[in-house]
Amino acid sequence: MPGNSFGHTFRYTTWGESHGPEIGCVIDGVPPGIALTESDIQVWLDKRRPGQSRFTTQRKEPDTVQIVSGVFEGRTTGTPLAMTIENKDVRSKDYGGIEDKFRPGHADQSYWAKYGIRDYRGGGRSSARETAMRVAAGAVARKVLDHVLGPGIAIRGALVQMGPHEIDRARWDWDIVEDNPFWCPDAKAAKAWETYLDGIRKAGSSIGAVIEVVASGVPAGLGEPVYDKLDADLAKAMMSINAVKSVEIGAGLQAASLSGEENADEMRMDGDKIAFLSNKAGGILGGISSGQDVVVRFAVKPTSSILTPRKTVDRFGRDTEISTKGRHDPCVGIRAVPIGEAMMAIVLADHVLRHRGQCG
């Protein structure tokens, strides 16, 4: 089945379903000699792991990763690196009453139209369960970046909007992002979101969110124009995450309302280096990194699985209604933060290796 791989020089392929025995990925292109253990990967998986607060799905998955190839005596060998995670807490019976119904907003109907197969167990391959392996691949990508460039790149994500409620950017503090259940950089907003999302959760509904991912310390020169621009690959990477419906680079849609003077990132020399006076471009010019922070935002729609009955049809062409029971995130955007970080790391690692191959 095509479409399960991402990247060029650093290329990974995921496999597995939400309620299958396990999920996994294979990464090709990892340079040899990089120190790598399961604990290097587990620390990032633990950030995405479900069931860590009342605001995420209560599916209890330890997400314990196992490296099964590509590492010998604690170092990568340069051969394909394979990893697996067992699915421990599957409850397929939760979906027993909807096996013939298409859930509105889900991939049920479109997968059925394409393949003629209905894996109703949590969505099967279309489930966000697959993203655990993206986070594992992203952990390896971070090690590749450190190996090639040194430990100079910092990749950090934050939830900057929940439903209609945005953070106050004047209160942005990276130090408090991991001190609340939302990865929110605004302590006051995070407190307000607790009450807001509790109401959404208790009503059996859901809400969307906006996530911002920032990569600092990215060197200038990464990107392959014209069709493999750095921002084009980042847009595809983020858009490929489950439930993502839009992606912005830098000023994004706001750029359409700016004048040429407002949008121009003016430059001055700071010693022997170029200093930019603003970053409307999000650290990417002409598809190539400028040396500024690379800034990406993406919007995640509300979780489609809700208790409120919705009109739908079944696979036999009959009108019906559906309400989805089981364990679901009231705001799937919360756990998308570490996934967005992982995809940023993967794209940067791929372009670092591609740049090294062409330019040395």
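The values are calculated or read from the model by the stated rules, or taken from the named source; none is laboratory data. As the structure is a computational prediction, the values presented were derived from the model and not from experiment. Areas reflect the complete protein model, heavy atoms only, side chains present, ligands, DNA and RNA absent. Shrake-Rupley method; radii C 1.70, N 1.55, O 1.52, S 1.80 Å.
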Restricting to aspartates and glutamates and to Cα separations under 17 Å from LYS273, and discarding same-chain partners fewer than 8 apart, the set is ASP265, ASP293
Extension length gain for ASN4 and ALA264 (0.36 nm per residue less Cα distance), in nm, is 89.8 nm
Rounded to whole Å², per residue accessible area for the chain with a 1.4 Å probe reads 47 Å²
Contour minus Cα-Cα span, THR195 to GLU178, at 0.36 nm per residue, comes to 4.3 nm
Using a 1.4 Å probe on heavy atoms of the protein chains only, the accessible area for ASP228 in Å², nearest 10, reads 40 Å²
The aspartates and glutamates whose Cα lies under 13 Å from the Cα of LYS202, excluding any fewer than 8 residues away in the same chain, are GLU194, ASP329
Length gained, ALA203-VAL148, 0.36 nm per residue minus C-alpha separation, equals 14.9 nm
Filtered hits (aspartates and glutamates, Cα-Cα < 19 Å from LYS143, offset >= 8 within chain) -> ASP28, GLU38, ASP40, ASP46, GLU73, GLU341, ASP350
With a 1.4 angstrom probe the carbon and sulfur portion of accessible area for the stretch 252-351, in percent, totals 52 percent
Checked against a 25 Å limit on the C-alpha separation, the offending pairs among LYS114/LYS301; LYS191/LYS311; LYS47/LYS311 are LYS191/LYS311; LYS47/LYS311
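If DNA, RNA and ligands are ignored and the probe is 1.4 Å, what is the ranking of ILE67, ILE339 by accessible area, most exposed first?
Output order, biggest surface exposure first: ILE67, ILE339.
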By the C-alpha gyration tensor axes a ≥ b ≥ c (rounded if a/c is under 1.5, else prolate when a/b exceeds b/c, else oblate), the shape of the stretch 95-239 is oblate
